[in-house]
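Bear in mind these aren't lab numbers, they're just calculated from the coordinates by the rules spelled out. All figures in this text were calculated on a predicted structure; none of them were measured in a lab. No Cβ is skipped: glycine too gets one built from the backbone with ideal geometry, and neighbour counts run over all protein chains shown.
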Amino acid sequence: MLLTSYILAGLAILLAWPIPVMLSRARWSTRSPFAAMILWQSIALAGGLSMIGALLFWGLNPMGNTLISSLISGVKLVLGDPNVNSPGTVHIFALSTAALLGFHLVLTLIRAAWRITRQRAKHRHILSLLSEKSPTDPTTLVLDHETPVAYCLPSFSGSVTVLSRGLVKQLTEDELRAVMAHERAHLDQRHDLLLLAFTSWNDALPWLPTSKLSLAAVQELVEMLADDAALREVEPKTLLRALLTVATGALGAPATPNAALPPEGAPGGPTEELSSRRLKRLLTVQPQLGGGLRATIIAGALFLIALPTTLVIVPGFFE
Amino acid sequence: MATLGDLERSVMDLLWDSVPPLTANELRDKLAEPGDVAGKELAVTTVLTVLARLEKKGLVARERDIRPHRYTSVTSREEHTVALMNEALGTVLDREAVLARFIGGISAEEAQSLRQLLDSPHNA
């Protein structure tokens, strides 16, 4: 049990710090956002499991050789059985921390889900009073506003894609198709659920620097996944033009197209380096990651979940 | 028969477009006018139900000093649209997870660089 708790603690530390940092810097993630997404989800799950498991096993260690026997001793102790020795303050502290952390994570997840659902319902209601249904597609709503925006609102009782009138006016037919395919992918692939754990993780453990990092990485990945769906319909350049129009309208970037362009024939061309990996992969199309590599990454993700699960479930694995 | 959602919308449209507050009877009469979704068979109790729902959601206020009570919209149509747009543009804190925006986390600087790249001659 002691060894198990040390292994779990080591795993928890790896999953809380170096592994997320490494993955957020990995270049291959733009070439297979799907594999990267699986890996992120498994890191979050395995990280939580090993963190709680390490505390639980270390705290229970003095009370028995296996998880079951020590839990039984623990219950007896709580019930006031005089034959059971108290494990000592430090171990009781570890047990309490394990319980608190477990409750904290689950409660924050429930609270985040509840808050987001309520905010979405409110938004959806006002939307139903103000928007028009698209004549061709009843799950697309058009909002009467000149600023070009596009977004989707996931919901269990009917998700919708929302476009502003300004967007419909400013985009070409192909660009509009790209936007629709992008938003539809968010809804069809339930990206809201993929983000939920990371949103609540960030709420629950704000002091953990990697929780912000992971959330940002996962947010970027769902955009890449949705872009990939759009690229099945249109050319990368069409999607980029649509993104540029929406970004210009939304962020108040200069509206005169050639204002910042270097004079004709200026050497070097654009000097600014794009920092967005999402945009970079649309500008220079990269080959998809090979099947073997992708399989390895997904197998690694499964191993990450399997390791702490096995250590927790198979009691006395090492004794 | 119109759904409750359609009725809410029609009632809000009437209240938004009307300067003086309206009574449930006046609303019923306006809803019965040709071309509206509700049709003629609408009972005033239905209108009151819709108004009660809208009041509970904070969209409609009731003037109670004289009978019959008169109803008015709390927030204008434009203000509601601006609130929706602010969420859509991601300018509201604590609302990041509510909806998925097409542009995601692209910043103004990145949009600017993208414009240069897309407009450069060898990329046309």
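Neighbour counts of other Cβ atoms within 10 Å put A:Trp114, B:Trp16, A:Trp58 in the fewest-to-most order A:Trp114, B:Trp16, A:Trp58. Arranged from fewest to most other beta-carbon atoms within 10 Å of their beta carbon, A:Phe34, A:Phe198 become A:Phe34, A:Phe198.
This model, with +1 at the C-beta of Lys and Arg and -1 at the C-beta of Asp and Glu, gives chain A a dipole about its Cα centre of some 340 debye. Could you tally the net charge around A:Gln288, taking each other residue with its Cβ under 14 Å from the Cβ of A:Gln288, Lys/Arg +1 and Asp/Glu -1? Here the count lands on +3. Label separation (B:Thr3 vs B:Arg64): 3.3 nm, computed from points 7 Å beyond Cα along the C-beta direction. Each listed q (0.22 Å⁻¹) maps to a log10 I(q)/I(0) for the range B:4-73, found by the Debye formula over equal Cα scatterers with no solvent: -0.91. I'd like the antiparallel share, as a percent to the nearest 5, of DSSP beta bridges with both residues in chain A. Roughly 60 percent of the beta bridges in chain A run antiparallel, per DSSP. Taking the helices alone, chain B has a mean residue ellipticity at 222 nm of -15000 deg cm²/dmol, built from -39,500 (n - 2.57) per DSSP H run of at least 4 residues and averaged over all its residues.
The Cβ shell under 13 Å around A:Val149 holds other residues with a net charge of -1, Lys and Arg each +1, Asp and Glu each -1.
Peptide A:129-137 has a mean shielding of 3, counted as Cβ atoms of other protein chains within 10 Å of each residue's Cβ. Highest mobility in the GNM of chain A, judged by mean-square fluctuation with C-alpha springs under 10 Å and restricted to A:Lys133, A:Lys280, A:Lys76, is found for A:Lys76. Look at the dipole of chain A built from charges on Cβ: of A:Phe303, A:His125, A:Ala99, the Cα furthest out on the positive end belongs to A:Ala99. Here's the picture: a label point sits 7 Å out from the Cα of B:Arg53 along the beta-carbon direction, and within the range A:93-122 the residues with their amide nitrogen under 20 Å of it are A:118-122.
The value obtained for the range B:77-123, namely the Cα convex hull volume divided by the number of residues, is 101 Å³ per residue. Sorted ascending by nearby beta carbons within 10 Å, beginning with the fewest, B:Val11, A:Val285 become A:Val285, B:Val11. Taking the C-alpha atoms only, the angle from helix A:191-204 to the longest principal axis of chain A is near 50 degrees.
Helix B:77-88 and the longest principal axis of the Cα set of chain B meet at an angle near 40°. Could you check which residue among A:Ala113, A:Ala301, A:Ala197 shows the biggest mean-square fluctuation in a GNM of chain A with a 10 Å Cα cutoff? Taking springs between Cα atoms under 10 Å, the residue moving most is A:Ala113.
Would you mind classifying the protein assembly as shown by shape? Square roots of the alpha carbon gyration tensor eigenvalues, ordered a ≥ b ≥ c; an a/c under 1.5 is rounded, otherwise it is prolate if a/b is larger than b/c and oblate if not. Note, shape of the protein assembly as shown comes out oblate. From its DSSP helices (H runs of at least four residues, each -39,500 (n - 2.57)), chain A gives a residue-normalised ellipticity at 222 nm of -22000 deg cm²/dmol.
Can you tell me the 0 to 90 degree angle between the C-alpha axis of helix A:89-130 and the longest principal axis of chain A, rounded to 10? That helix lies at roughly 30 degrees to the long axis. Annotation: for a label point projected 7 angstrom from Cα along Cα→Cβ of A:Ser134, residues of the range B:84-112 with backbone N closer than 15 Å are B:102. In the elastic network of chain A, a GNM with C-alpha springs shorter than 10 Å, the most mobile of A:Val168, A:Val84, A:Val160 is A:Val84.
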